[in-house]
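The values are calculated or read from the model by the stated rules, or taken from the named source; none is laboratory data. Source: prediction; values computed, not measured. With ideal geometry, Cβ positions are generated from the backbone for all residues, glycine too; neighbour counts draw on all protein chains shown.
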Amino acid sequence: MSAALNQPLNFVRNQFHDRLVQVSVYSGLVFYILSNPAVFAFVEKNFPFKIQKDMQLVFHTVLFMLFMYLGTKFFFDPVLGRVMEGYRNKANRAVRKVAPKRK
């Protein structure tokens, strides 16, 4: 049973290095948060001006685009870049331990 669970986890770990997968996961999380009915209700209640029901979807689409751009540029790329750099350094050290350089 343990091997059956490890295969999908290893697949996900290996695929997460792909930029397309990273952005897809991030955009899915942002979409889930912004499309939540509680967020729609919060915006409708607390926004300074009234938004018509049919324009709420357009408004949240623009918010999604903004969150994607700003989040990717100023949060996702810097944080994930450091994580991936640390992972690469750790992998390089492991390779060096296995096969030390000869002089």
Members of region 1-49 found to be under 14 Å from the mean Cα position of the chain (by Cα), at pLDDT 85 or above and not aliphatic (A, V, I, L, M), listed by number:
S24, Y26, S27, G28, F31, Y32
Would you tally the residues in region 30-51 being within 15 Å of G71 (Cβ to Cβ) and surrounded by 12 or more Cβ atoms within 10 Å (Cβ to Cβ)?
4
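Answer yes if at least one residue in region 61-71 is assigned to a helix (DSSP H, G or I), modelled with pLDDT of 70 or more and either of a type in the set (K, R) or over 20 Å from L29 (Cα atoms) (or both), and no otherwise.
Step one: of region 61-71, the residues assigned to a helix (DSSP H, G or I) are 61-71.
Adding the requirement that they be modelled with pLDDT of 70 or more leaves 61-71.
Subset that is either of a type in the set (K, R) or over 20 Å from L29 (Cα atoms) (or both): none.
Scanning region 61-71, I find no residue that is assigned to a helix (DSSP H, G or I), modelled with pLDDT of 70 or more and either of a type in the set (K, R) or over 20 Å from L29 (Cα atoms) (or both), so the answer is no.
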Positions within region 29-60 being closer than 26 Å to T72 by Cα and not in a helix (DSSP H, G or I), in sequence order:
S35, N36, F47
